[in-house]
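To start, the structure under review is shown below, and the notes come after it.
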Amino acid sequence: MNTEHKSLNEMNIHDFKKVVVSQKKLYFTTCSIAIVIGLVVSFSIPKSYKSKVMLSPETSYSTKSFGNLGTITSMLGANINMGEDAINPQYYPNVLQSKKFLVSLFDIEVESIDGSIKTSLYDYCKNYQKEPWWSIQNPLKALSSKKQSEENNGKKMPTAYLTKEQSKVADMIKDMLTCNIDPKDGFITITATAQDPLISTELVDSVSNRLQQFIIEYRTSKARHDLNYIKKLYEEAEKKYKESRIRYARYSDSYSKVILKSYSTQEEELENQMQLDYNIYSQLAQQMQAAKGRVLERTPVFAVIEAATVPLKKDAPKRMLILLAYFAIALMGTTAWILYKR
């Protein structure tokens, strides 16, 4: 026993080569089977194409105060909080993978490069996505969910009430998309993978546009809210100033020839009220223009570094790599088995 153990430990490269050569028939058999399995697997995986968009977002902007807006709104019994809020680009991948954003992509119209498919992204993922033969669902299970699928197809439901099928489609879309941020340059790279080259391009283009729109709406939401509120105050002040002006004009016309002290006092009070209303109206008009500028100031600009193009070559499957992987596994497995038997 000790002699056999010693001889195994002291096996040199020459002895190992002799063992391998003596088992070449076994190696040929196992490696041939592995190559056949690799071919079956590689040709069973549907082709996929990848398209990408590279963006450079504006991440900083100057801040300007609203001057005497606090004083004006205090006069009117109001208060506006002008705090800053923004979403950092490093969170863009999280936005892209959120259920709310994925559900908003259901209605994107896609068309295959040969024109045979022209439908929504939801319908494409549900009915036109090919899968390997080993991932085909149980037919009985598919039939049981068909009725529910037909009832909810095309209906927009709240994210909290997604059906099982809608949640599955959202996960499929999530797997089709990736978003990476270059920490050095700040570039955003969005990629979309689909089984049709044109659909992958349409998808990544739509996703990049919707992500930009989402970020713009998010970063300008506070400024737009402030603008709407200031606009409301401006309209009320304008209405009040016009009413004061009409009252003053009518009173002056009615008592133009009267020189009583009481008349002049009343006229002076109306004039002062009109002037006060005009001052508020005038200052709010200026602040409304400043608020409009603030909305534009907070609107980020996205420079397209690389636009989406239709890919000419498939991205997957990598058939040669699959064959090499199966061949290597068979080679190492056979060698390990021979050494174990010895």
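The values are calculated or read from the model by the stated rules, or taken from the named source; none is laboratory data. If you're wondering where the values come from, they're calculated on a predicted model, not measured in any experiment. Note that each Cβ is placed from the backbone with ideal geometry, even for glycine, and that neighbours are counted across all protein chains shown. Accessible surface is based on the protein model in full, side chains and every heavy atom, while ligands, DNA and RNA are left aside. Shrake-Rupley method; radii C 1.70, N 1.55, O 1.52, S 1.80 Å.
Arranged from highest to lowest average of other beta-carbon atoms within 10 Å per residue, in what order do the peptides 220-232, 265-277 appear? Show your work: numbers first, answer last.
Values: 220-232: 16.6, 265-277: 14.6.
Final packing ranking: 220-232, 265-277.
Could you rank the peptides 301-307, 278-284, 189-195 by their average count of other C-beta atoms within 10 Å per residue, with the highest value first?
Values: 301-307: 12.6, 278-284: 18.0, 189-195: 21.1.
Most protected by this proxy first, the peptides run 189-195, 278-284, 301-307.
Step through the table entries Lys99/Lys184; Lys52/Lys164; Lys240/Lys292; Lys164/Lys222; Lys99/Lys232, compare each Cα-Cα distance with 25 Å, and write down the pairs that go over it. Provide the component values of the computation, followed by the final result.
Numbers: Lys99/Lys184 29 Å; Lys52/Lys164 29 Å; Lys240/Lys292 23 Å; Lys164/Lys222 35 Å; Lys99/Lys232 35 Å.
Result: Lys99/Lys184; Lys52/Lys164; Lys164/Lys222; Lys99/Lys232 exceed 25 Å.
What whole-number value in Å² describes the accessible area per residue of the stretch 159-242 for a 1.4 Å probe? Before the final figure, lay out each step's value.
Values: 4190 Å² over 84 residues.
Each residue of the stretch 159-242 exposes 50 Å² on average to a 1.4 Å probe.
In whole Hz and in residue order, list the ³J(HN,Hα) couplings for the stretch 193-198 that follow from phi through the Karplus curve 6.51 cos²θ - 1.76 cosθ + 1.60, θ = phi - 60°; x for Gly and Pro.
The phi angles translate into 10, 9, 8, 9, x, 5 Hz.
What's the local net charge at Glu111, with K and R +1, D and E -1, over the other residues with C-beta under 11 Å away?
On the way: positive: Lys118; negative: Glu109, Asp114, Asp196, Glu202.
Neighbourhood net charge equals -3.
At a 1.4 Å probe radius, carbon and sulfur cover how many percent of the accessible area of the stretch 158-211? Please report the intermediate quantities before stating the final value.
Values: 1240 of 2400 Å².
Its accessible area is 52 percent carbon and sulfur atoms.
For the stretch 209-329, what number results from the quotient of the Cα radius of gyration and 2.2 N^0.38 Å? All intermediate terms of the calculation are to be shown ahead of the outcome.
Values: Rg = 32.2 Å, N = 121, 2.2 N^0.38 = 13.6 Å.
Here the Cα radius of gyration is 2.37 times the empirical estimate.
With a Förster radius of 35 Å, plug the Cβ-Cβ distance of Ile246 and His225 into 1/(1 + (r/R0)^6) and report the FRET value to the nearest 0.05. Show your work: numbers first, answer last.
Values: r = 33 Å, r/R0 = 0.93.
Taking R0 as 35 Å, the efficiency between Ile246 and His225 is 0.60.
Rounded to a whole number, what is D in µm²/s for the stretch 87-131 from Stokes-Einstein with the Kirkwood radius over alpha-carbon pairs (20 °C, 1.002 mPa s)? Kindly include the intermediate steps, with their values, before the conclusion.
Details: Rh = 12.1 Å.
This corresponds to a translational diffusion coefficient of 177 µm²/s.
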